[in-house]
Structures are given as structure tokens and as C-alpha cells.
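Since the structure comes first, as C-alpha cells, the remarks are kept for the end.
The values are calculated or read from the model by the stated rules, or taken from the named source; none is laboratory data. These numbers come from a predicted model, not from an experiment. Reconstructed Cβ throughout: ideal geometry from the backbone, glycine too, with neighbour counts over all protein chains shown.
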Amino acid sequence: MISSRGRPLSPETKKAVVSIKQYFDGKRLQPVEPSVKRAADALGIGVATVKRIMADYNRDPKLLDEPNRLRGRPTHALSVTHQEAVRTYIRSANQQGKYITLSDIEGFLKNRSEEEVFHISTLARTLNRWGFEFGKGTRSQHLMEKDHVVAARQRYLRKKRDNRVSGDETIRPEVYLDESYVNKNHSKDFIWYSGEDGPWTQKPTGKGERLIIINAITRSGWVPGAKLVFKSTRKTGDYHGQMNSDLFQKWFVEMLLENIQPNSLIIMDNASYHNTLAEYSPPTPLCSKKRILEWLEKNKIYCRTDCLKPELVEILKKIAPEPSYAIDEIARSKGHEVIRTPPYHPELQPIETCWGVVKNHIARHSDFTMQNLMQQLEVGFEKVTGKTCAGIIKKVREIEDNFWTEDILSEEQECGQN
């Protein structure tokens, strides 16, 4: 048997099917049985598969050399691992004045990862979700970042630059926190094997049970006592489905704030459980209509009872100050300050690379058991030393400097052309 159900056939196998089918066509064997059935039985594949291959061969023999088309619908999401590369590609093209389209970006991604298949409309939605828009430039149409993304990045970078002294020194200690997860069956997909025998590694199907991880780093390494690991109750989705504001706030107060230096600058992303509104915070457009209306009335902004929520949101955006978050107020009460990385910028969060180091170690030493996962997770954490963190943070600082310089240069060029 050369094939198993559901596995695509190689061009060599297809050619073998044609040869065997043609062999049986020229033989008169007893009992009398269609040659297509004999070929299917000999190779351990379906009759329909033999017929399909022969139909392709009779139409054009070259079709046997074409790669198999993936069945099913194309994926509805692009991997977030491409986000940083796409952002760099688009920014570089814009700065050089190149006309860039969805097809250009599609080609860039296919060169980067031939295995990832997606529809071009999926790419368009992903770019919009990552903060890009298709708009009219100074002389031509081009993809560009949304204004609110650029503004958020500049505010963040300004805060980080104000905290620098010289070289790698900072005025206030910087603490980077994040959450991640790892599955029991997390392992490397590529191995060395004999060409004659083929790959014999038997991996369990699915991703298996998972662990949720919360931790924080500084230039000296992991924050002592800040690591929290717990078993997820769900096997699908990512860690966001297992996190909530109560759990995060408990960890933040009891395990982070108790173990960092005084007057720290705490840096996190924009996960929803990081942004729970403080008790007396102005509402946001995502809040309920009732809360928005109550806040407006409390501030003596009376609205008609028949106003729709979009009308209330319009008023809110004009008069409401920036919202305040519960985590920020807790940190401020302890002498610290919280700032958030701009949306769609995982490359500005150095702890993301630390997760990569930990997970890479786990993948290389997986035996698909939860006990081993726990053991290798501890060893993986040890791989991330103070030297590792200092190097990653230094590299991220270079990325920050590039963003700062490029944004200023981009605006100067646009102003000079207007």
C-alpha cells in the first residue's frame, strides 16, 4: 500500500498509477476484472482516485507533475507571526514611493511561507485588523498605517525615550509583562529520516492539554516570584479565553508589584483584561448604552430619551476625557506607572522573544506528556538569562529608534510635497 486515506499523492505515485493501469490494460487475466480495479487493489488506493489520475493523464500528462491542491476552504486568518515582516515590507515600500497592492503583499507572504494558503480577501481583512488602510497618498494610492496606530506608537515611543539616560541606562526600571500558553503536544515538525524508510515519528493528533503562563522580565531577567503557570480548562482557542480581569489583577498585585523595584515603568499590551475600567472612569464607546447615558447625565449633559447609542457615543467622544483603568490606578498607588505598547506591535514587546526561547526548548524535548511539559517548561525558563533579556531589550530599542526616525522622515517628506 503506497497511500493512506486523506493523504495527497506525490507526482511519482501518480505516474506509478498510470503505469500499472496501462499494464493491466494489456493483460488478459482471470478472473476478468476491470484494470482500474486491479490497479487500485495493487496500490491500496481508491478506484475513484485511479480514475481521477487517469483522467488528468489523458487530458494532459503534465498535470501529474502539478502539486496537489489543498482541499477545503482556505484559512480565514493569517498567522500573527507575519505581522512584523508585513509592517516592515509596507513601510519600506511607502518610503521608497513604490506602488504596493494586495497582490504584492500576497506574493511577499508566499515567498516567506509557501505552505500558508489564504484568500486575498482574508489578507485585506487582516491588514485592516493590523492597522493598515488603502488610501490616497501624495501622488498615488498606497497602503498606509492608520492615523490612530501611528499616534499611539509615537506616544509610546516618546514615553520610552523620555525614560532613557544614556546607552542602555534608564531613569526608571522597565518591566515587561505578558501572557502565553503551550500545548502538551508542542514539538518540532521537521526531523532527519531515511529516504527509503520515510519518517516514522508518531505524533499524537491534536494539540492536547495546555498550560497558561504569566510572567514578566527586566534587563536582569525574569522577575523573581512573578511566574504563574496553571492548566487550562479548554483545549481550543488561545490563552485569552482563559484569562480574565480578576485573575490578572490578583497576579498583578500579589506576584508582580511585590517583586519589582520601586518607581518602575510597567509595560504591557492592550489585552481586554488589562484594560478594565476603573470605578470612576469615563465610559468608552464599547460600554453599554445605560452606562454612557448615566455618565452623561451625571456630568449634566442631558440627552433625549429616544437617542440611539451611536448618538450618545458621538457626544461622548467630544467631551469625555481619556478613560482610566483599574490596573493603572493600582500601580500608581504603589508608586509605579503603566504604559501600553501600541496596537499591532508585538515586535516592541521583548518578552515575546523570551516566550519563543522557552517554547523552542519545549518543542525539542517533547514526549507528549503533561509531566514532561512541566519539567521542560522549567528548563526553558532557565534558558532565558539576564544576558538574554538585556540583549533582546537592546534589539527592541533599536527597533524603537527606527520607528521614531522613520515616522519623522515620512512626515517631513509628505509635508515637503504638499
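Below, the figures for the structure above:
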| item | result |
| --- | --- |
| Flag if D269 is more than 22 Å from the chain's Cα centre (by Cα) and within 24 Å of I393 (Cα to Cα) | no |
| Hey, D269 out of contact with any Gly (no Cβ under 9 Å at 6 or more places or on another chain) and either free of Cβ contacts under 8 Å to residues at least 40 places away in the same chain or of a type in the set (S, T, N, Q) (or both) or not | no |
| Positions within region 302-361 being aromatic (F, W, Y) and in contact (Cβ under 8 Å) with a residue 12 or more places away in the chain, in sequence order | Y325, Y344, W355 |
| Residues satisfying the stated conditions in region 362-395, i.e. buried (at least 18 other Cβ atoms within 10 Å of the Cβ), in a helix (DSSP H, G or I) and not small (G, A, S) | I362, L373, Q376, L377, F381, C389, I392, I393 |
| Identity of the residue in region 302-338, over 16 Å from T284 (Cα atoms) and among the β-branched types (V, I, T), that ends up surrounded by the fewest Cβ atoms within 10 Å (Cβ to Cβ) | T305 |
| Filter result for E347 (surrounded by 15 or more Cβ atoms within 10 Å (Cβ to Cβ) and charged (D, E, K, R)) | yes |
| Sole residue being at positive phi and modelled with pLDDT of 95 or more, chosen from N215, N263, N259 | N263 |
| Neighbours by Cβ (under 8 Å, 6+ apart or cross-chain): first from region 1-20, farther than 10 Å from I45 by Cβ; second surrounded by 10 or more Cβ atoms within 10 Å (Cβ to Cβ) and modelled with pLDDT under 65 | A16/I2 |
| Residue identified as under 30 Å from N402 (Cα atoms) and in contact with a helix residue (DSSP H, G or I) (Cβ under 8 Å, 6 or more places away or on another chain) among I292, I330, I339 | I339 |
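Matching residues to (1) under 22 Å from I213 (Cα atoms); (2) at pLDDT below 95; (3) of a type outside the set (D, E):
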{"position": "E311", "(1), (2), (3)": "no, yes, no"}
{"position": "P323", "(1), (2), (3)": "no, yes, yes"}
{"position": "Y344", "(1), (2), (3)": "yes, yes, yes"}
{"position": "H365", "(1), (2), (3)": "yes, yes, yes"}
{"position": "T369", "(1), (2), (3)": "yes, yes, yes"}
{"position": "L373", "(1), (2), (3)": "yes, yes, yes"}
{"position": "T385", "(1), (2), (3)": "yes, no, yes"}
{"position": "L409", "(1), (2), (3)": "no, yes, yes"}
{"position": "Q417", "(1), (2), (3)": "no, yes, yes"}
